[in-house]
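One structure is given below, encoded as structure tokens.
Read-outs: derived from the displayed coordinates by stated rules, not from any lab. Predicted model, so just to flag it, every value in this text is computed and none were measured. Cβ placement follows ideal geometry from the backbone for every residue including glycine, while neighbour counts extend to all protein chains displayed.
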Amino acid sequence: MATTEQTPRKTYFYRHSIVVRVTHWINVLCMTVLLMSGLQIFNAHPALYIGEKSNFDAPVLSMGAGRQPDGTLVGVTQILGTNFDTTGVLGLSKADGDRMSVRGFPSWSTIPGYQDLATGRRWHFFFAWLFVINGLVYIGYSIATGHWRQLVPTVAQLRHTGSAIREHLMLRFPKGEEAKTYNVLQKLAYFGVVVVVIPVLILAGLTMSPGMDAAFPWLLDIFGGRQTARTIHFIAATLLVLFVLVHMLMVLLSGVFNNMRSMITGRYRIEDDLEKPHAAE
């Protein structure tokens, strides 16, 4: 008896509300400016320490330049006492044409591109408050509508964390009804970022402000000093960047056009999973 190959049925699902989409793109803008202006601020003193004061002899991380025996400048990044040659990227990079400049992060990664701490701080503080306000709008909406439930993994999902990791490594992404909700890895990542990383990032940033320390001196006690807060702020920002990079990679691998359409129009296309039985129409 002849058999015919089934073609997956494609349907559209309203995945993201207007509030989620708008706050998402505001976050994209804020995080981009915050990262680049933050690197400008870091470049004013490209080193991190633990404690209340700077310990120049034992930085957690530092970026700068050194000279080889022949007098040639090289970029040097030191992490926990170990030196790495990062010439051309960190510590020593091209600024104007072929001219090498001694600076932590290269000029193309900072706002503004030239060294200007005051301007970098103004950009950073303005977009930091916009980021916080936008986050409060998102949280308020999530609580009011129950959207927060989409970010919290269920017990049943947690039991299948291992299989979810295996499916992702094999580049097998959810189809059919499973595609309508976040999987356990997405929920764990979003939950960790929203509930842990971003609050720590914001509080550590506030701790670096003398005015905030005067009003809330317990911030210094929580973070163990202003320099420790600066280091934690840097680490949290790095984790946020890594999250964004993985997020972008998953968007590309799982269908960039479909994902972008859902975050612009709200409509997400799903395909039937032919390997699983579904109700007859």
Exercise. Where does helix 117-145 land angle-wise versus the long Cα axis of the chain, in degrees 0 to 90, nearest 10?
Worked result: 30
For this session: Pull up all non-local amide H partners of Arg103: gap of 5 or more, or a different chain, and H-to-H distance under 5 Å with H placed in the peptide plane.
Result: Gly91, Leu92, Ser93
Seminar exercise, completed: the chain: longest segment with zero exposed chymotrypsin sites (Phe, Trp or Tyr not before Pro), where exposed means DSSP loop plus at most 14 other C-beta atoms within 10 Å, is residues 115-281
Problem set entry | Selected from Leu240, Leu249, Leu151 as most flexible by GNM, with the chain as the system and alpha-carbon contacts under 10 Å | Leu249
Exercise. Within region 112-175, which trypsin sites (Lys or Arg not before Pro) sit in a loop by DSSP and count at most 12 neighbouring Cβ atoms inside 10 Å?
Worked result: Arg172
Problem set entry | In sequence order, calculated HN-Hα J values of region 18-31 (Karplus, 6.51, -1.76, 1.60; Hz; x Gly/Pro) | 4, 5, 4, 5, 5, 5, 4, 6, 5, 4, 4, 4, 4, 5
Exercise. So for the chain, taking the charge dipole from beta-carbon charges (+1 Lys/Arg, -1 Asp/Glu), which of Ile264, Ala156, Gln186 sits furthest toward the positive end?
Worked result: Ile264
For this session: On a 0 to 90° scale, report how tilted helix 198-207 is relative to the longest principal axis of the chain, with both axes built from alpha carbons and the result rounded to the nearest 10.
Result: 20
Exercise. Going out from 0 in 5 Å bins, what whole percent of all Cα-Cα distances in the chain drops into each bin?
Worked result: 1, 5, 9, 13, 14, 13, 12, 10, 9, 6, 4, 2, 2, 1, 0, 0, 0
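Suppose every Lys and Arg Cβ carries +1 and every Asp and Glu Cβ carries -1, with no other charges. What dipole size does the chain come out with about its Cα centre, to the nearest 20 debye? Provide the component values of the computation, followed by the final result.
Numbers: 24 positive and 18 negative charges, 108 e Å.
Approximately 520 debye in magnitude.
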